[in-house]
Every structure is written in C-alpha cells, then in structure tokens.
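Here is the structure we will look at.
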Amino acid sequence: RERLLRREWANPAEFLLAFAAGVDRRDVNAVADRRIAEHHARRRAEEDGAPTAGPASSAGLLTKLAEEKAAFGSHVWRQCRLLSKRSAWALFGAYHLIAAHAGVAFAVGLMLSELYSAEPLSLPGTLNRAGSLAFLQLFLAFSSLSCLEVAVAERKLIALEMEASSYGAFPVVATRWLFDIVPLRIVPTALVASVIYAPMGLRVDAGGYFAWYMLVLTLFSAVATLTTYCIGLLCPSLGPAALLSAVVTLWNFVFGGLLVQPGTIPPLLKPFRAVSPFFLSYEALLVNELDGQTCTFAPADASGRPASEAIPLYCTQYLYNMGLDPAAFAADVAMLAAWAVGLTLVSWVLVSRLRFVR
C-alpha cells in the first residue's frame, strides 16, 4: 500500500494523467507525500482507537480540491506545449491530408486560371469575376469539412483529459488555430488565391488590392472552418455533423449575392443576407476589385454579338446593379473579423462544456 502511494498516488490514473500533462515531478511528489502523511495519520488514529476526522465540510473539501488542482495542474503554457506537441505529431502523421489540401488547392487554382483567363472589364468579364469568386468561396467552405473527422474523434479524449484537469479549453482552441486552421485552411487558401490572381486578370494597379483580397479570403476560410468545427463539437457523430455543416454552408451561400437579388429577398430573411459570411466576403472582394475602375458596356444584338462601339462607364454601376454597396467594404471586413473572433469564443465555450460520458 505504501509503495503504491509513493509511486502512483492513491489512484494510478491520476498519476498517469499528471505525468502525461507534462507536470513537474516535484509537484506530483509533493501531493503524493501529503497523501502518504494523511494516510499514515489515519492509520495511527485507527490503531490508537482515537476518533478519526469526520467528513470534511463542503468549503474545506473545495479548498483542498483547489489546492491539489493547483499543485499538479500545469500552467497554461505547459498545457499549450503538451497539446502542441501532440497536435504537431498528429498533423505530420496525417501527411496525406496535408498533401490532399495542397494538391487540390493547386489543381483548383489551375482550373480556375484556365476557365477565367484574362477577364476584361466588361459586363461578361464582370459576371465571370463574380462567378469565379463565388465558386472559390464554395470550394473553401466545403474544404473545411475535413476538420469534422478530427473534431468528432477527439471529443471524448478532450472531455476525459479536461475532467482530469490535464488542460483547459483555451489550449485546445489555441492548438486548433495553430495546427489546423493555419496549415490546413489558411495556407491552401493563400496558395489557390495566389495562383489565380494574375491569370484571371484581377486588379494589379496597386499592391494594396492584392493584400485586401488575400485578407478577405483567409478570414472567410477561417470563419468557414470554425463554423464547421463548432458543429462538430455539437454533433455526437460524423454523419449528422457532415449533414448539418453542408446544410449551413449551402444556406449561407444562397444569400451570398450571386443566386438571389437583394430586392427580391423577403423582409423576414434579409438578416440572413446581412450576416452571411458568403455575402460579406463576396461584397468585399468585388468592391475591392471593381471600385474606382472604368468598365465598358457593349449592347448585344439579336444574334448575341456585341456592338462595335462600347460605352465606357464606372464599374461601380455594375456593383449597384448587383446590389452591392462600395461604401460597405470596411464594414464587411470588420464583420468577417468579428465572425472569426466570435466563433473562436463559441468554440472555447463548447470545448469547456464537453463532458465525458462513460
């Protein structure tokens, strides 16, 4: 009995969980020594016939539990280091997932570059720009579904280890950003966005437009991934999580700005358009691309051939006809950033409320 207490505490599982959490052994041994002393004191009291201490009060029990948790509970940076090591090994172990994301992103970029090559600033070119950006959004949103498998599979393990005070919810969310969203979502997004930018003839009159274009797409990719991750934390298995994620993605895409005109949306459904990440990024991308430029309009005859004389006009006229507001660019980007921060907080709350079901 004494050997068991000295080596592995009263409960071997507690010692193993503390050891796996990277806790300093001196902290583990300090709590173990205190428990050994308490055990011997109770044994001596029983042998001498002295009355043993009765059940501790609830306040005293809570204080004792808090002290023990502080003794073997690691600091946040130790928790992040532990989860970072494990997540890094899992990420590099799933090299096929990294290769799949990078390969698919590069292939889609090449196909979009060929399909929408050198689009002019005309009515057909503007519509093609809008279609290519909408397709790119949908591709990024459905790419985020690959995080569901990990989110659903890790729920029980995270819940068990959090109940053992191995770490809190913050390290889980932080490592999700570092080892999932950044390498598997933001990097492939930057890859495909860079591949298609020049071949599609997107705006190159100043470098700031490319920076905003990249920022909006990476924010949208992060928002789509966090939405899928939150759904994965809520659903008990992969099937319902995948179905609900696909439905949420398609529902938001309906209000993205390409499939339905804003003037025809019923008043009851207009809030969906105002907060849809698809619409926010779609409007920001097109305003960034067209605002301040001069387009041309060539009326087509009955055979579909454009007229020989093209009418010059400001590209903002096309934005107005599509129901987009050039003055809302900053608000759209800010709303996307707010979505990313808000969904990060929601995922933190969902992780902190995970419970292990035996």
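Just the residues that are among the charged types (D, E, K, R) and closer than 25 Å to F356 by Cβ, please, taken from the range 159-190. Let's see the steps before the verdict.
Going through the range 159-190, the residues among the charged types (D, E, K, R) turn out to be 161, 163, 176, 180, 185.
Residues satisfying the conditions are E161, E163, R176, D180.
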With (1) at pLDDT below 85; (2) open to solvent by 70 Å² or more (accessible area, probe 1.4 Å) as the list, and F72 as the residue in question, which single condition is left unmet?
-> (2)
Limited to the range 103-125, what total is found for residues that are assigned to a helix (DSSP H, G or I), open to solvent by less than 40 Å² (accessible area, probe 1.4 Å) and either hydrophobic (A, V, I, L, M, F, W, C) or at pLDDT below 90 (or both)?
-> 4
Could you check, for the range 214-223, whether at least one of its residues is closer than 21 Å to C80 by Cβ, in contact (Cβ under 8 Å) with a residue 12 or more places away in the chain and in a helix (DSSP H, G or I)?
-> yes
Criterion violated by F278 - all others in (1) more than 23 Å from the chain's Cα centre (by Cα); (2) farther than 20 Å from L123 by Cβ satisfied | (1)
Which number in (1) part of a helix (DSSP H, G or I); (2) small (G, A, S); (3) open to solvent by 40 Å² or more (accessible area, probe 1.4 Å) marks the one condition that S132 misses?
-> (3)
Just for helices (runs of 4 or more DSSP H) wholly inside the range 248-358: which have at least 1 residues that are in contact (Cβ under 8 Å) with a residue 60 or more places away in the chain, closer than 22 Å to L136 by Cα and open to solvent by 30 Å² or more (accessible area, probe 1.4 Å)?
-> 270-275, 329-352
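From the list V187, V172, V192, pick out the single residue that is of a type in the set (V, I, T), at negative phi and open to solvent by 20 Å² or more (accessible area, probe 1.4 Å).
Values: V172 fails: open to solvent by 20 Å² or more (accessible area, probe 1.4 Å); V192 fails: open to solvent by 20 Å² or more (accessible area, probe 1.4 Å).
Among V187, V172, V192, only V187 is of a type in the set (V, I, T), at negative phi and open to solvent by 20 Å² or more (accessible area, probe 1.4 Å).
The values are calculated or read from the model by the stated rules, or taken from the named source; none is laboratory data. Not measured: the values here are computed from a predicted model. Neighbour counts are summed over all protein chains in view; Cβ atoms, including those assigned to glycine, are modelled from backbone coordinates with ideal geometry. Ligands, DNA and RNA are stripped out before the accessible areas are found, and what is left, the full protein with its side chains, is counted by its heavy atoms. Shrake-Rupley method; radii C 1.70, N 1.55, O 1.52, S 1.80 Å.
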